[in-house]
1. Note down all Cβ pairs under 9 Å where the first residue falls in region 29-52 and is outside the structural domain of GLY197 (by TED's automatic domain parsing), the second is surrounded by 18 or more Cβ atoms within 10 Å (Cβ to Cβ) and among the polar types (S, T, N, Q), and they're at least six residues apart or on different chains.
2. Is it true that ALA27 is among the small types (Gly, Ala, Ser) and either buried (at least 16 other Cβ atoms within 10 Å of the Cβ) or under 21 Å from LEU96 (Cβ atoms) (or both)?
3. Return yes when LEU104 is at pLDDT 95 or above and within 28 Å of ALA127 (Cα to Cα) and no when it is not.
4. Among helices (runs of 4 or more DSSP H) lying entirely in region 245-362, which contain 1 or more residues that are without any contact (Cβ under 8 Å) to a residue 12 or more places away in the chain?
5. Filter region 121-154 down to residues that are more than 14 Å from the chain's Cα centre (by Cα) and touching a residue at least 40 places away in the same chain (Cβ under 8 Å) and give me whichever is farthest from ASP338 (Cα to Cα).
6. Check GLU244 against each of (1) farther than 27 Å from HIS146 by Cβ; (2) modelled with pLDDT under 90 and name the one condition it does not meet.
7. Just one of (1) of a type outside the set (Asp, Glu); (2) under 26 Å from VAL222 (Cβ atoms); (3) in a loop (DSSP other than H, G, I, E, B) trips up ALA48, so point out which.
Amino acid sequence: MSTACTIVGVLDDGPEGLAPVARAAIADADLLIGGRRTLARYAPLAPAAEQRDLTGAVAEVPAWVEAAAAAGQRVVVLASGDPLCHGIGERLTAALGAGRCRVLPAPSLVQLACARLGWPVAETAVASVHGDAAVEWSAQAAAPDHPLSRVLRALERGERVAVYTAAGTGADWLARQLQALGYTDAELEVAVAARLGRDDELIQPPVPLSAAAGGAYPQPHVALLRRTAPAAGPPFAPADADFEQRCPQRGLITKREVRAVALAGLALTPESRVWDIGTGSGAVALEAARLCPRGHVWAVERRSEDLAVAEANRRRRRAGNVTLQLGCAPEGLDGWPDPDAVFIGGSDGALGELTDLCLQRLRPGGRLVINVVTLENLQRATARLDAAAGTAWEAVQLQAHRSHELAGMRAFRAENPVWIITATPGEAA
């Protein structure tokens, strides 16, 4: 297989920092592709080569390479640091084939930043918001493709995260988004490694989140996040009292025992996309979000006062992979992606319609879990499931009894019984 191009990683220390093999590759080039500033610094090594500026035209580079290679030209693409660490190397190897790209990496900017701060690279996750629009994070704007989501997924993997930034999405912007999510100075600190390898290099040691939010940092820079406290909340089935609930009507929450069974019925994976219809306090949505750290949960609630409670619980748990929406389902569900799992905890009289819709929208192998507390809704749900061709379902009646003090002793008080219905389209015998 012929080589289409050589991708050379370069740094801001100039040609003198290149390995001999990288210098030779550039010197032999017929076509040199790179950013404007990079070309100005490294093009003198190949004075006879054609130069092409990729600034604002990154998506066109694979086609440029293909055309030049077909014409028998030797193509070199200049990239910052390690081209395969959130660089153009990922795009080129995907488009051209890894076997057709010769990659000569330099140390990545993350490696250099960690070296300056004395951080172990092996214990530092990497994310990027480079090239993203500076969309402000909120519980309504949260989505898997929001730039903050990638940072949060990296934070799930460890206590340190290095983030590639850009103008508009720098360390100060990142710190403000994390504050909007609920993080405080007691949980996160931020370091900055800016203009690495240049005469005006700037290294800011870790400072509290609020200090970074008010800072101003020159580009290019890497933001380095470090947890100073463990992630909030237990991993599964916290007590009902650990969630805020609407007052004076406390109790609008899927109880702990029922929650555990319902979540088991959803059969979630780390990447699951989940709908929670009638989220109430958000208890099921937030536990699902913790079980799906690389997935996302979309939750809808028709009462604004209950949605405010769900937002308070989300903020308390720093759950960035939950989108909260005010509305009465099924309105608004057409804007959500097809789910792997759906939980219906409240239907406001539309249970039959919602059941049909969710069965239609579930992805292959998906699960629908419906909680009902009345015989009428049990009949509506099971009738719709029986009418859905190829759908397998089962129902469990769950009634928990909780201990309480009685005349200096302990007795049990019964909770309301709940029917938990689990359905899987396409699995009927």
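The values are calculated or read from the model by the stated rules, or taken from the named source; none is laboratory data. Remember, it's a predicted structure, so these values are computed and weren't measured experimentally. Every residue, glycine among them, receives a Cβ derived from its backbone with ideal geometry; neighbour counts consider all protein chains shown.
1. If the second residue must be surrounded by 18 or more Cβ atoms within 10 Å (Cβ to Cβ) and among the polar types (S, T, N, Q), the pairs left are ALA29/THR6; GLY35/SER80; THR38/SER80.
2. Against the criterion (among the small types (Gly, Ala, Ser) and either buried (at least 16 other Cβ atoms within 10 Å of the Cβ) or under 21 Å from LEU96 (Cβ atoms) (or both)), ALA27 does not qualify.
3. So LEU104 passes the test.
4. Helices (runs of 4 or more DSSP H) meeting the threshold: 256-266, 304-316, 351-361.
5. By that ranking, first place goes to THR124.
6. The number of the failed condition is (1).
7. (2)
The rows are residues; the columns are (1) surrounded by fewer than 23 Cβ atoms within 10 Å (Cβ to Cβ); (2) modelled with pLDDT of 90 or more; (3) touching a strand residue (DSSP E or B) at 6+ places or on another chain (Cβ under 9 Å).
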| residue | (1), (2), (3) |
| --- | --- |
| LEU148 | no, yes, no |
| TYR164 | no, yes, yes |
| GLY168 | yes, yes, no |
| LEU181 | yes, yes, no |
| ALA186 | yes, yes, yes |
| GLY197 | yes, no, no |
| LEU202 | yes, yes, yes |
